[in-house]
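Below: one structure, written as structure tokens.
The values are calculated or read from the model by the stated rules, or taken from the named source; none is laboratory data. It should be emphasised that the depicted structure is a prediction, and the values quoted were computed from it without experimental measurement. Using ideal geometry, Cβ is built from the backbone for each residue, glycine included, and neighbour counts are taken over all protein chains shown. Accessible surface is based on the protein model in full, side chains and every heavy atom, while ligands, DNA and RNA are left aside. Shrake-Rupley method; radii C 1.70, N 1.55, O 1.52, S 1.80 Å.
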Amino acid sequence: MSRVLDADGLRYADHWEPVLAAAARRTLDRLDAAPARLLDLGAGTGSLTLAALRRWPSTHVLAVDASAAMLGVARSRVPKADAARVTWLPTDAAGLPIEDAAVDAVVCAFVLQLVADRPAVLAEVRRVIRPGGSLSCVTWLADDLVLPADAVYHEVMGDLDEDDEDGGLRSPRSGDYLSLQQAHDVLADAGFESVEVGPDELRFSWTPETYLAFKEGYDDHERLATLDAPRRERLHATLVERLASLPPRDFEVLGPLVAAVARKPVDDDQSRSA
């Protein structure tokens with residue numbers, strides 16, 4: 001039976017997932033062994049799930065995301081030969097339908113800044129990891145992520161009478177970590193040990209064409225969809241001309257991240273996590 005895939009999820013997979021993918025995959029690099037059962041927390045459209053399946057042919061992945069539509073896109077991308085190695089769980093991260101100590105490791109990429117109750121989520125993560133198992137995560141340090149190309153984009157939008165905020169790709173969220181020390185303390189307070197926290201960096205390069213495809217197809221898609229066709233065409237033509245004059249460095253994404261690895265204590269009392 002065919003499925004109609006979520007349009008927003010497909011746009012995310014096409015345009016924003018590639019920007020985050022390399023940093024997300026490094027969460028797998030930081031695990032010291034191939035897990036038999038891996039929880040991908042906030043799996044989204046499946047970037048990490050797919051990477052784990054390719055890397056570890058014997059690993060079973062539990063892919064968790066609050067959005068069933070995003071998981072639908074992820075599921076469509078898994079090869080048939082690997083389908084039996086994934087369990088799809090459309091559920092909130094603060095209430096996982098997973099037994100205690102059921103997974104060897106948890107990975108999560110660009111998730112912890114989004115959850116409403118981070119202590120509750122981390123308590124659930126600790127509960128479902130086996131004693132001695134690992135958590136590997138990466139998320140944002142609070143910072144504006146602005147490209148020189150963004151300034152040109154906003155200028156063109158303003159010149160063509162489109163009210164536009166003078167922002168970049170991303171503004172800080174309340175859930176972003178303010179420092180590496182804060183990230184360490186949050187995990188330690190959640191009952192993890194052997195907490196190792198360090199800086200990471202988001203690096204990605206667009207071309208003028210792929211940057212404009214990102215803006216029109218994802219980042220500014222909803223607003224542009226409200227414009228009539230002639231106005232969209234004028235905007236597109238002007239942006240093509242202006243962006244083509246910029247040097248490659250103006251399309252380079254450089255953003256500060258925090259990466260962390262921690263372990264569940266071997267003598268962890270599961271009753272404390274209930």
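Quick one: compute the contact order of segment 1-160, relative version, from alpha carbon pairs under 8 angstrom and 6+ residues apart, as a percent.
On the way: 245 pairs, mean separation 36.6, N = 160.
Relative contact order of segment 1-160: 23 percent.
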> Which values, in whole Å and largest first, are the semi-axes of the equivalent ellipsoid of segment 67-161 obtained as the square root of 5 times each eigenvalue of the Cα gyration tensor?
Replying inline: 35, 20, 13
> Considering amide H positions built from the backbone, and no H for Pro or chain starts, which residues 5 or more places from T91, or on another chain, come under 5 Å of its amide H?
Replying inline: D65, A66
> Considering only protein heavy atoms and a 1.4 Å probe, what is the carbon-and-sulfur percentage of the accessible area of the chain?
Replying inline: 50
> Once you charge only the Cβ atoms, +1 for Lys and Arg and -1 for Asp and Glu, what is the size of the charge dipole of the chain about its Cα centre, to the nearest 20 debye?
Replying inline: 1420
> Which distance in Å, rounded to a whole number, links the C-alpha centroids of segment 193-262 and segment 77-131?
Replying inline: 29
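Want the number for R232 to D185: 0.36 nm per residue separation, take away the alpha-carbon distance, what's left? Each step should come with its number before you reach the end.
On the way: separation 47, 0.36 × 47 = 16.92 nm, distance 4.79 nm.
Full-extension gain reported as 12.1 nm.
For the chain, calculate the relative contact order in percent as a whole number, restricting contacts to Cα pairs under 8 Å that are 6 or more residues apart.
Working: 489 pairs, mean separation 58.1, N = 274.
Once divided by the residue count of the chain, the mean separation gives 21 percent.
Need the full-extension length gain, D144 to E241, defined as separation in residues times 0.36 nm minus the C-alpha distance. One decimal, nm. Walk me through the numbers before you get to the answer.
Values: separation 97, 0.36 × 97 = 34.92 nm, distance 2.65 nm.
Using 0.36 nm per residue and subtracting the Cα-Cα distance, I get 32.3 nm.
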> Quick one: what Rg and Dmax do you get for segment 169-266 from the alpha carbons, in Å?
Replying inline: 20.1, 64
> Which translational diffusion coefficient, to the nearest whole µm²/s, is obtained for segment 65-118 from the Stokes-Einstein equation, given a Kirkwood hydrodynamic radius over C-alpha pairs, 20 °C and 1.002 mPa s?
Replying inline: 166
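From largest accessible area down, sort D189, D200, D14; use a 1.4 Å probe on the protein chains. Walk me through the numbers before you get to the answer.
Working: D189 135, D200 30, D14 110 Å².
Reading off the accessible areas and sorting them downward yields D189, D14, D200.
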> Length gain on complete extension for the stretch L178 to A21, per 0.36 nm per residue less the alpha carbon to alpha carbon distance?
Replying inline: 54.3 nm
> Mind checking Rg over Rh on segment 17-83, alpha carbons, Kirkwood formula for Rh?
Replying inline: 0.93
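Sort 69-81, 95-107 by the packing proxy (mean of other Cβ within 10 Å over each peptide's residues), most packed first. Walk me through the numbers before you get to the answer.
Numbers: 69-81: 17.2, 95-107: 19.0.
Sorting 69-81, 95-107 by mean packing, highest first, produces 95-107, 69-81.
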>> Starting from the 7 Å offset along Cα-to-Cβ, what nm value, one decimal, do you get for the label separation of D82 and A151?
In response: 4.2
>> Between 0 and 90 degrees, rounded to the nearest ten: what's the tilt of helix 229-244 against the longest Cα principal axis of the chain?
In response: 80
> In degrees, nearest 10, range 0 to 90: what is the angle between the Cα axis of helix 17-29 and the longest Cα principal axis of the chain?
Replying inline: 20
> In Å, what is the Rg of the alpha-carbon atoms in segment 102-234, and how long is Dmax?
Replying inline: 19.8, 61
>> At 0.692 mPa s and 37 °C, plugging the Kirkwood radius over alpha-carbon pairs of the chain into Stokes-Einstein gives what diffusion coefficient in µm²/s?
In response: 164
> Per residue, how many Å² of accessible area does segment 79-225 show with a 1.4 Å probe?
Replying inline: 47
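If you take the square roots of the eigenvalues of the alpha-carbon gyration tensor of segment 1-117 and sort them as a ≥ b ≥ c, do you get rounded (a/c under 1.5), prolate (a/b over b/c) or oblate? Display every interim value, and only then the final one.
Working: a/c = 1.27, a/b = 1.20, b/c = 1.06.
Note, shape of segment 1-117 comes out rounded.
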>> For the chain, what does the helix formula give at 222 nm: sum of -39500 (n - 2.57) over DSSP H segments with n ≥ 4, over the residue count, nearest 500 deg cm²/dmol?
In response: -11000 deg cm²/dmol
